[in-house]
Each structure stands twice: as C-alpha cells, then as structure tokens.
1. Test LEU129 against the stated conditions and say whether it is more than 11 Å from the chain's Cα centre (by Cα), open to solvent by 70 Å² or more (accessible area, probe 1.4 Å) and among the hydrophobic types (A, V, I, L, M, F, W, C).
2. State whether one or more residues within the range 56-77 are β-branched (Val, Ile, Thr) and either assigned to a helix (DSSP H, G or I) or open to solvent by 70 Å² or more (accessible area, probe 1.4 Å) (or both).
3. What is the one condition in (1) farther than 26 Å from ASP98 by Cβ; (2) β-branched (Val, Ile, Thr); (3) at pLDDT below 95; (4) surrounded by 15 or more Cβ atoms within 10 Å (Cβ to Cβ) that ILE14 does not satisfy?
4. So which residues in the range 65-115 are touching a Leu at 6+ places or on another chain (Cβ under 6 Å), hydrophobic (A, V, I, L, M, F, W, C) and in contact (Cβ under 8 Å) with a residue 24 or more places away in the chain, if there are any at all?
5. Regarding the range 29-43, can at least one residue be identified that is open to solvent by 30 Å² or more (accessible area, probe 1.4 Å), assigned to a loop (DSSP other than H, G, I, E, B) and in contact (Cβ under 8 Å) with a residue 40 or more places away in the chain?
6. Could you check how many residues of the range 115-124 are outside any helix (DSSP H, G or I) and open to solvent by 50 Å² or more (accessible area, probe 1.4 Å)?
7. Assigned to a helix (DSSP H, G or I), at pLDDT below 90 and either over 21 Å from GLU120 (Cβ atoms) or not acidic (Asp, Glu) (or both): does that describe ILE19?
8. Return the total of residues in the range 79-106 being of a type outside the set (A, V, I, L, M, F, W, C) and part of a strand (DSSP E or B).
Amino acid sequence: MTGKIAWIEDDIDIIEPVIRPLKRAGYEFLELGSVKDVLDNLDDVRTCDLILLDMILPTGAVEGTFGRYPGLKLLKMFREELSIDIPSVVLTVVTNEDTITELKDFGALDIILKPVLPSELRERVLKALKSAQG
C-alpha cells in the first residue's frame, strides 16, 4: 500500500535521507517548507493520507501569530479552523511536556523525537497510516 504524505519541514535537504525508505516504498511526498507554503497549498494538503509535521518552522512572512512552535499552531488550525482531520505524525526536537500534551490534544497520532533513524521513521509512519485506516 502506498499513499501521499504532506511533509512539512524546513530542513528537507538535511532530513531527506530519513524519509528515503518511504520514497523507495512508493510513497509520494508533498514537500512544504514554511507555514506560507502550507497555507498556499491547502488543496494539495487535503489530498494527502498523512501529515508529517515539524514543530519549528519559518512562517514565510505569513501574517498572524504563530508563536514559538508554528507546527503546533498549524496542527491546531488544521483541526479547529480548516476541518483537516488527516492523520498527523510530528517530528520534533521539542520535549516540553505541555507542548507534547497539546500536540496529542490536537490529534497527533505519534510524536517522534529527532534525530530519528530512517527505519524507525518508516515503521512509525506505516503504523500511523494503518491505525488511521482503522
């Protein structure tokens, strides 16, 4: 089974080797590097089977307050304002318990701490996709 993953990450060139096993397995990626990229491509995001989201992103000169963790704000926007309920996995260096709780409250299926091994990421993304399909 393959699908399409919205990959919201500002360090795509650095992190790309981590997702290579998923690309080899046939997954297609919509690569978005900032909040502005995401908001400009919402129709494409809505067609994805999974969102792989980084917590710390540049806004890309988008108006509004995105705070310290724009990825958290995006996840909240997806759920509360945009009716985007696509399963989401968060990749982050953030370990603050309150922030992790907020991510779970906004429906993050899994929270993966960076750095992560490619094999672990592949396994956890596949698990998230499987659990989201019921």
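1. It is false that LEU129 is more than 11 Å from the chain's Cα centre (by Cα), open to solvent by 70 Å² or more (accessible area, probe 1.4 Å) and among the hydrophobic types (A, V, I, L, M, F, W, C).
2. Yes, some residue in the range 56-77 is β-branched (Val, Ile, Thr) and either assigned to a helix (DSSP H, G or I) or open to solvent by 70 Å² or more (accessible area, probe 1.4 Å) (or both).
3. Answer for ILE14: the failing condition is (4).
4. VAL89, VAL90, PHE106
5. No, the range 29-43 has no match at all.
6. So the answer is 2.
7. Against the criterion (assigned to a helix (DSSP H, G or I), at pLDDT below 90 and either over 21 Å from GLU120 (Cβ atoms) or not acidic (Asp, Glu) (or both)), ILE19 does not qualify.
8. Residues meeting the conditions: 2.
The values are calculated or read from the model by the stated rules, or taken from the named source; none is laboratory data. Just so it is clear, the structure is predicted and the values come from calculations on it, not from any experiment. When we count neighbours, we look across all protein chains shown, and the Cβ atoms used for this are built from the backbone with ideal geometry, even at glycine. For the accessible areas, the whole protein counts, side chains as well, though only heavy atoms, and no ligand, DNA or RNA atoms are used. Shrake-Rupley method; radii C 1.70, N 1.55, O 1.52, S 1.80 Å.
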